[in-house]
Amino acid sequence: MGVVTSDAPSPAPPSVLGLAPVLPVVVLHDVADAVPLARALVAGGLPAIEVVLRTPAALDALRAIADEVPEAVPGAGTVLSPEQVEAARAAGARFLVSPGFSPRLLGAMRDSGVPFLPGVSTASEVVTLLEEGVTEMKFFPAEAAGGTAYLASLAAPLPQARFCPTGGIGPASAPDYLALPNVGCVGGSWMLPAEARAAKDWDRVRRLACRAAALAA
């Protein structure tokens, strides 16, 4: 998916995995940073932006991106409860990501009407989700849970499952993940270095996003 040029927000995507090779995982403490950061990521070719619900500013930041950056496809990450699903959707989330799942959370995510990536780290969890008709998942924590070797071993017995591995992935390891047949994209935050954000160097973020977006090639 390329950068959307319409002035109206794009609808929920049919799949999170096809938006871009890299899904930026964003922790926002200051709402004022949300819009310029999102614009830098979009300009760099990364329209999907996962705002994690770990800070008091997260929902307001998500809402600001949804309202002011129509080219972006903002989503909510670290979604842990049905209440957070509802709050994220009300703030404008167009996809949802969780580090894990429960029957109650899975039901709420399914009922949300937007694409979602429940988290898995074992083959049994993958099979459980496949039984529920869910084929797209977050693999987390990717490096700690076995990395590319583990995902490669799942491809033959569970070919219908596709993943967004997240956790410990950087620009050096991302191409190895993206080369796997069951990986649609990777999640990471290396294009958002702390020093660039502290200095509000959004042009550096844009440049790093460009490099990340080029990883699919």
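Please treat every number below as a calculation from the coordinates, not as lab data. From a predicted model like this one, the values you see are computed outputs, not experimental measurements. Note that we place each Cβ from the backbone using ideal geometry, even for glycine, and neighbour counts take in every protein chain shown.
Looking at the square roots a ≥ b ≥ c of the eigenvalues of the Cα gyration tensor of the stretch 89-217, which shape do they give, rounded for a/c under 1.5, prolate if a/b is larger than b/c, or oblate? Provide the component values of the computation, followed by the final result.
Values: a/c = 2.29, a/b = 1.35, b/c = 1.69.
Oblate, because a/c is 1.5 or more while a/b does not exceed b/c.
Using the crude model of +1 on Lys and Arg Cβ and -1 on Asp and Glu Cβ, and no other charge, please compute the dipole size for the stretch 6-129 relative to its Cα centre, in debye to 20. Could the numbers behind the result be given before it?
Numbers: 7 positive and 12 negative charges, 61 e Å.
Here the stretch 6-129 has a charge dipole of around 300 debye.
Using only Cα atoms, tell me the angle between helix 58-68 and the longest principal axis of the chain; keep it within 0 to 90° and round to the nearest 10.
Compared with the principal axis, the helix lies near 60 degrees.
Say R0 is 25 Å: what FRET efficiency, to the nearest 0.05, do VAL127 and SER102 get from their beta-carbon distance?
On the way: r = 16 Å, r/R0 = 0.64.
The value I calculate is 0.95.
What does the highest-first list of 47-54, 205-212 look like by mean Cβ count within 10 Å?
Working: 47-54: 24.8, 205-212: 19.9.
Those peptides, ordered most packed to least, come out 47-54, 205-212.
By how many nm would the segment from LEU80 to ARG110 lengthen if fully extended, with 0.36 nm per residue of separation less the alpha-carbon distance?
Values: separation 30, 0.36 × 30 = 10.80 nm, distance 1.36 nm.
That works out to 9.4 nm of additional length.
Taking the Cα of ALA90, stepping 7 Å toward and past its beta carbon, and measuring to each backbone N in the stretch 58-74: which are under 16 Å?
Zone members listed by number: 58-64.
Output the peptides 85-93, 154-162, 101-109 sorted from most to least packed, where packing is the average of other Cβ atoms within 10 Å over each peptide's residues. Working shown, then result.
Working: 85-93: 20.1, 154-162: 14.2, 101-109: 17.1.
For the peptides 85-93, 154-162, 101-109, the packing ranking is 85-93, 101-109, 154-162.
Let me know the whole percent of all Cα-Cα pairs from the stretch 157-217 that are separated by more than 13 Å. Mind showing how you got there, number by number?
Working: 1173 of 1830 pairs.
Here the tail beyond 13 Å accounts for 64 percent of pairs.
If only Cα atoms are counted, what is the Rg of the chain, and what is its Dmax, in Å?
16.0, 47
Quick one: check the C-alpha center-to-center distance for the stretch 126-145 versus the stretch 160-210, whole angstrom.
If we compute the Cα centre of each part, the gap is 19 Å.
For every helix of n ≥ 4 consecutive DSSP H residues, a contribution of -39,500 (n - 2.57) applies; sum these over the chain, divide by its total residues, and give [θ] at 222 nm rounded to the nearest 500 deg cm²/dmol.
Details: 9 runs with 79 residues, N = 217.
Taken over the chain, the calculation gives -10000 deg cm²/dmol.
Compute the long axis of helix 34-43 from its Cα atoms, compare it with the longest principal axis of the Cα atoms of the chain, and write down the angle in degrees, 0 to 90, nearest 10.
The answer is roughly 70 degrees.
CYS164: net charge of surrounding residues, Cβ under 11 Å, Lys/Arg +1, Asp/Glu -1, itself excluded? Could you put the intermediate results ahead of the total?
Working: positive: LYS138, ARG162; negative: GLU50, GLU136.
The answer is 0.
With r defined as the distance between the Cβ atoms of THR135 and CYS210 and R0 fixed at 30 Å, what FRET efficiency is calculated, to the nearest 0.05? Let's see the in-between values first.
Values: r = 30 Å, r/R0 = 1.01.
Calculated value: 0.50.
In nm, to one decimal, how far is the modelled label at ALA198 from the one at ASP60, with both set 7 Å along Cα→Cβ?
Those two pseudo-labels are separated by 2.3 nm.
Rounded to the nearest 20 debye, what is the charge dipole size of the stretch 43-100 about its Cα centre when +1 sits on each Lys and Arg Cβ and -1 on each Asp and Glu Cβ?
Values: 4 positive and 7 negative charges, 26 e Å.
In total the dipole reaches around 120 debye.
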